[in-house]
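Here the structure is laid out as structure tokens; the discussion comes afterwards.
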Amino acid sequence: MNIVISGFGVAGATAAEEARKKNPKAYITLFSKEKDLFYYRMRLPEVVSGELSPDKVIAHPLSWYNDRNIEVRLGESLAEVNPAEKIVRGSMGSRQTYDRILLAVGAESNRPPFPGDKLGHIFAVRSLNDAWTLHFAAKGQKHAVLIGGGILGLELGCALTKLGLTITVLERDSRVLPRQTTPGSAELLRRKLAAMGVEFVLGAEADRFEGSGKVENVVLKDGRDLPANLVLISAGVQPNLELARVLDLKVDRAIVVNEFMETSLPDVYAAGDCAQFPGAVGGLWTTSRQQALVAGVNIAAADPAERKAYVPQPPSNTLKVAGIDLVCAGNLDPDNTMTGIEAVTDDIYRKVVIDGENRLAGFTNVGTTNGNRELNAAVMAKKVLSAETIKGLAQPDFDFSTL
Ligand SMILES: Cc1cc2nc3c(=O)[nH]c(=O)nc-3n(C[C@H](O)[C@H](O)[C@H](O)COP(=O)(O)OP(=O)(O)OC[C@H]3O[C@@H](n4cnc5c(N)ncnc54)[C@H](O)[C@@H]3O)c2cc1C
């Protein structure tokens, strides 16, 4: 059996490993647009800050793949797929036949167009190369403007503070981390970040960049000017859909897949940030890995009866910034359709969300790690809580061993 995998992020690398375990004899070829071996993308903020050198985030050396007889074509994108003849072509001209293909091509940073966006010192970070480039560009600079106040942007922004920069975060929403916080937790987080040199301009949008050669100013839509030696754009991601469009796959926000990670075209599968499965939230490492564990088995299974099905888990997010604890999981009920129980002190904010059947649907916890493990497990298990427990969760010092 000939298996072709396109993309060498967590989805492609995990699927290759699983496919090999499932089928020791299959030919497995991995096309990778990037020149680096599979690395821990989640750790790129530490590369930006200089705490880790690029080689420290690489998961395995090339010999690891050679030992498993997985052919890795670094720096060669999958350029064409001919489903009628079952042939693929790589960007460096290689051709080969396939039985099954996995598209694990991930996503790219959004770069909304702004007047002046061709000036120097404007960055977005998706790849190891982007992170290392930003590390060198930021050294010796004083101030950065970060466009977009999501988790990823804040982690990268805090990484820049470790190089001595102060940061102004420009966020369209009226609060910090709009998707992961409630108004209460956002305010606590804003105070903690301010103490680290990260200031916020909320409810504001960039209009254009100005400077001569390099960026010097971000001009806001309301006319205000923010001086900047460097701009970092963190405005979400967009899935890589070129191949899917050429193949005329069913595409919505990303490539639509069923529980077997099959696309609308026979023998073509998709997993990770480029895939869309109802009920699953994309853009997360664990989601991509879980989908790839399923896809890897299915692309290598000789008998359809051996296929695995993907079951989405509630999403969970952690802000990985030293000194600031923020974890959230499941449904934070932004529209207040369920019961929200808050526990608040000067340094701690916790909200748990209970659905109509008294199940723990989600939580956010800021300023403490106490309860994260137990709450996370209860959200994943959709645990039904007693009336007494629900009442007790409003106490900041709730004993989580009773959960
Ligand atoms: C800085 C940063 C920090 C993050 N932190 C977290 C975190 O803390 N927690 C979390 O859950 N998630 C985090 N994420 C998101 C997480 O890393 C992604 O959800 C995950 O990497 C997606 O994996 P993937 O394999 O689907 O796609 P990707 O990691 O995007 O890999 C896809 C690969 O395919 C390549 N490719 C594209 N087109 C082709 C082609 N035609 N042929 C061959 N190769 C191609 C791409 O270049 C890329 O190398 C972070 C992301 C970034 C950028």
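The values are calculated or read from the model by the stated rules, or taken from the named source; none is laboratory data. Predicted model, so just to flag it, every value in this text is computed and none were measured. No Cβ is skipped: glycine too gets one built from the backbone with ideal geometry, and neighbour counts run over all protein chains shown. Heads up: the accessible areas ignore ligands, DNA and RNA and are worked out on the full protein's heavy atoms, side chains in. Shrake-Rupley method; radii C 1.70, N 1.55, O 1.52, S 1.80 Å.
See the values below:
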read-out	value
Estimated [θ] at 222 nm from DSSP helical runs (n ≥ 4, -39500 (n - 2.57)) normalised by residues in the chain, nearest 500	-7000 deg cm²/dmol
Pairwise label distance in nanometres, residue 246 with residue 390, each label 7 Å out on the Cα-Cβ vector	5.5
Listed residues 212, 185, 77, most fluctuating in the chain (Gaussian network, C-alpha, under 10 Å)	212
³J(HN,Hα) computed for each position of the range 193-205 - Karplus, 6.51 cos²θ - 1.76 cosθ + 1.60, integer Hz, glycine/proline x	6, 4, 5, 9, x, 10, 9, 10, 10, 9, x, 9, 10
Dipole moment magnitude, nearest 20 debye, the range 1-160 about Cα centre, only Lys, Arg, Asp, Glu C-beta charged	160
Residues of the range 299-400: accessible area per residue with a 1.4 Å probe, Å²	51
Average accessible surface area per residue within the range 110-252, 1.4 Å rolling probe, Å²	46
Cα shape, the range 52-163, gyration tensor, a/c 1.5 rule	prolate
Distance from the range 162-205 to the range 293-334 (C-alpha centre basis), Å	27
Within the chain, percent of DSSP bridges classed antiparallel, to nearest 5	55
Distance cut-off 20 Å, percentage of C-alpha pairs in the range 151-237 lying past it	35
Accessible carbon and sulfur surface of the chain relative to its total accessible area, %, 1.4 Å	49
Backbone N within the range 193-224 under 15 Å of label point (7 Å from residue 111 Cα along the Cβ vector)	209, 215
Hz values of 3J(HN,Hα) by residue in the range 6-11 - Karplus curve (6.51, -1.76, 1.60), Gly and Pro given as x	10, x, 10, x, 5, 5
Surrounding net charge for residue 53, when Lys and Arg each add one and Asp and Glu each subtract one, Cβ distance under 12 Å	-1
Accessible area (Å², 1.4 Å probe, nearest 10) - residue 397	120
Three-way shape call for the chain based on the alpha-carbon gyration tensor, with the a/c threshold at 1.5	oblate
Highest-fluctuation residue, 96, 276, 290 considered, GNM on the chain with Cα pairs under 10 Å	96
